[in-house]
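The values are calculated or read from the model by the stated rules, or taken from the named source; none is laboratory data. Not measured: the values here are computed from a predicted model. No Cβ is skipped: glycine too gets one built from the backbone with ideal geometry, and neighbour counts run over all protein chains shown.
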Amino acid sequence: MLAELHVENFGLMETVRLNFGCGLTVFTGETGAGKSMLIDALGVLLGGRASTDLIRHGESRARIEGVFDDLAPEYLLRLEEAGYPAEDGQLFLFREINSTGKNVCRVQGRSIPLTLYRSLCVGLVDIHGQIEHLSLFRPETHQDLLDDLGGLQVEVDVVNEAAKTYQRIIRKERELSISEDERQKREEFLRYQIEEIERVSPVPGEEEELLQEKKRLSNSERITSLVSEAYGALYEGSVGKPAAFDMLGQARKALQELDRLDDTLNVYEQIESIYYSAEDLAEQIRAYRDNFEFEPERLDQIEERLILLKKLRRFGTTIEEVLEKHASMLEELDQITHVQEQFEKIHNEKQTTRKAYEIVAEQLSLKRREIATGIENGLALELADLGLEKSRFEVRFMPNEEPAKGGAETAEFYFSANLGEPPKPLAKVASGGEMSRLMLALKSLLAKVESVGTFIFDEVDSGVGGRTIHRVGEKLAKIAQDKQVFCITHAAQVAAFAEAHYGIVKEVNEERTRTRVDSLSEVDRVEELARMLGGGEIEITRKHAQELRQRSARGTMFGA
């Protein structure tokens, strides 16, 4: 439950510090005093949207802190697994909104990302506001509410996973189910392209080698001339001009003689090495010259081959890409030619996955119908407590033709407030007051199975009057026997049942408006109830408020 709440510079609230206990706590005040602002602050504390517009004018930041204790065992385990164990069984939450747009989230005093923060806040508080009235008018929300009341999330997840598996198989089947003509045309086109590549039979690196060979053959005359020139200068020599090899021989012979006369120069081995290297080089050049052949027809062959390879460029910019395309086309052709086998395989998979879906979906359906019956019976009693003895609530199921997320059916709530009138969809029959009572009855059922420790009702008595408003107070007090309940109300008959009562006042001080939240004493409570009753002589109204408070206190004591 929420034990402490500290709000600073949030909206019109300058500084508000509140300590809460168990049971029913109400907040009352004049219209526009800022009652719903407390709910907004708590929503931000629990991970709701934090806009800079919420910061009190003239301030740079707003802060909301909350302390929760008496947490459910499963929630304590979730905190521990996330690495934020409760200290002495308490949870400390902190949100700060800065005018710069930066927001700070802390759990147990440690800063954490907003996404993780929100996930850790799930399951702490159930806030019911006017928006939930509207949600009941939307049939698509009914099944989720039914599953929540029945605690069926695990079963729903299993069914959803089975539906996803089945739908994947259906998509594969559709992809295969192209017409026979289209498949035949595609097969012929693939065969033509595959044969075109295979006729050329390209080899990786082939084009580079051919271009190099083309370059060599295209320059054969110049190559022959350069080789002859190099060999002549190095080894053969010419008239009046000795070869470099002969001159190296003379230098070698002179240095050999020098080495015998004076070994201090010590270069003979170097000239020896150069001499023989020159001889080897001359031999290599000669061999290249003797083996070099110019074949005009080979150059023509290379040109033709390069033209063929260039035509394959439409399949890829390189031979490697062309070969990859060839492989992918072979794979597609194989799929097309073996499509019947694939159809048989997919058909078997479809039957298997549908059967698996039907098994888990049927189990979910049985549990839903069992829970729906329990809800119908339970709501009959709850609604009778709220002055709708003649009402009738039904959960109706419409079957889904194909396996789908959510199960084999879709649930919708039907309601009739009057005897003899058949139940119809909620949006067509329920008034605002009836919807408020119906939602309160649903929350009353939820309180018996929900692990959430704190329920908040924002004007749940809207549209309800007469004797029924007293019963709304009784119902809230009954829920508060198992849960911590906060309620914002304009009805004295509801406020009278509270164990704690806070008055919310808007005041002006030094040309600044602020909202103040005061814990009311018993005397103050009677005065506030008298204000809420309104009208007539003040003493008579005050007496009426005292009687209302005493009667409600007795009802709470003996189990409303």
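One line per residue, one yes/no per condition, for (1) within 32 Å of the chain's Cα centre (by Cα); (2) farther than 26 Å from ALA496 by Cβ:
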site: THR28; (1), (2): no, no
site: MET37; (1), (2): yes, no
site: THR52; (1), (2): yes, yes
site: GLU65; (1), (2): yes, yes
site: PHE68; (1), (2): yes, yes
site: GLY83; (1), (2): yes, yes
site: ALA86; (1), (2): yes, yes
_Please determine whether any residue of segment 390-397 is polar (S, T, N, Q), outside the structural domain of GLN193 (by TED's automatic domain parsing) and in contact with a Ser or Thr (Cβ under 6 Å, 6 or more places away or on another chain)._
no
*May I ask you to say which residue of GLU358, GLU389, GLU409, GLU320 is charged (D, E, K, R) and touching a Phe, Trp or Tyr at 6+ places or on another chain (Cβ under 6 Å)?*
GLU409
*asked:* Looking at segment 507-527, I want the residues that are within 20 Å of LEU18 (Cβ to Cβ) and have a partner that is surrounded by 13 or more Cβ atoms within 10 Å (Cβ to Cβ) and acidic (Asp, Glu) with Cβ atoms under 7 Å, at least 6 apart or on another chain. Which pairs are those?
replied: ARG514/GLU14; LEU520/GLU528
*All positions within segment 267-304 that are surrounded by 10 or more Cβ atoms within 10 Å (Cβ to Cβ) and part of a loop (DSSP other than H, G, I, E, B)*: VAL267, PHE292, PHE294, GLU295
_If I ask for residues that are closer than 12 Å to ASP70 by Cα and among the small types (Gly, Ala, Ser), which ones from segment 84-99 would you list?_
ALA86, GLY89
*Check ALA417, ALA411, ALA404 and return the single one that is surrounded by 15 or more Cβ atoms within 10 Å (Cβ to Cβ) and over 30 Å from ILE169 (Cβ atoms).*
ALA417
*Can you name the residue in segment 420-434 that is farther than 21 Å from LEU445 by Cβ and either among the charged types (D, E, K, R) or surrounded by 21 or more Cβ atoms within 10 Å (Cβ to Cβ) (or both) and is also modelled with the lowest pLDDT among such residues?*
LYS428
*Count of segment 444-462 residues which are touching a Lys or Arg at 6+ places or on another chain (Cβ under 9 Å) and either surrounded by fewer than 24 Cβ atoms within 10 Å (Cβ to Cβ) or modelled with pLDDT of 80 or more (or both)*: 10
_Residues of segment 240-265 classified as loosely packed, with under 10 Cβ neighbours inside 10 Å and not charged (D, E, K, R), total_ = 3
*Among the residues of segment 528-545, which ones are loosely packed, with under 15 Cβ neighbours inside 10 Å and at pLDDT 85 or above?*
LYS543
_If I filter segment 39-47 for residues that are free of Cβ contacts under 8 Å to residues at least 40 places away in the same chain and among the small types (Gly, Ala, Ser), do I get at least one hit?_
yes
_Within segment 13-87, considering only strands (runs of 3 or more DSSP E) that don't extend past its boundaries, which have at least 2 residues that are within 23 Å of THR100 (Cβ to Cβ) and at pLDDT 90 or above?_
13-19, 61-68
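Per-residue answers, yes or no, for (1) in contact (Cβ under 8 Å) with a residue 12 or more places away in the chain; (2) part of a helix (DSSP H, G or I):
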residue: VAL360; (1), (2): yes, yes
residue: ALA384; (1), (2): no, yes
residue: GLU389; (1), (2): no, no
residue: PHE397; (1), (2): yes, no
residue: LYS405; (1), (2): yes, no
residue: LEU440; (1), (2): yes, yes
*Any residue in segment 150-157 that is among the β-branched types (Val, Ile, Thr) and surrounded by 13 or more Cβ atoms within 10 Å (Cβ to Cβ)?*
yes
*Only one of (1) within 38 Å of the chain's Cα centre (by Cα); (2) modelled with pLDDT under 85 is not met by LEU388, so which one is it?*
(1)
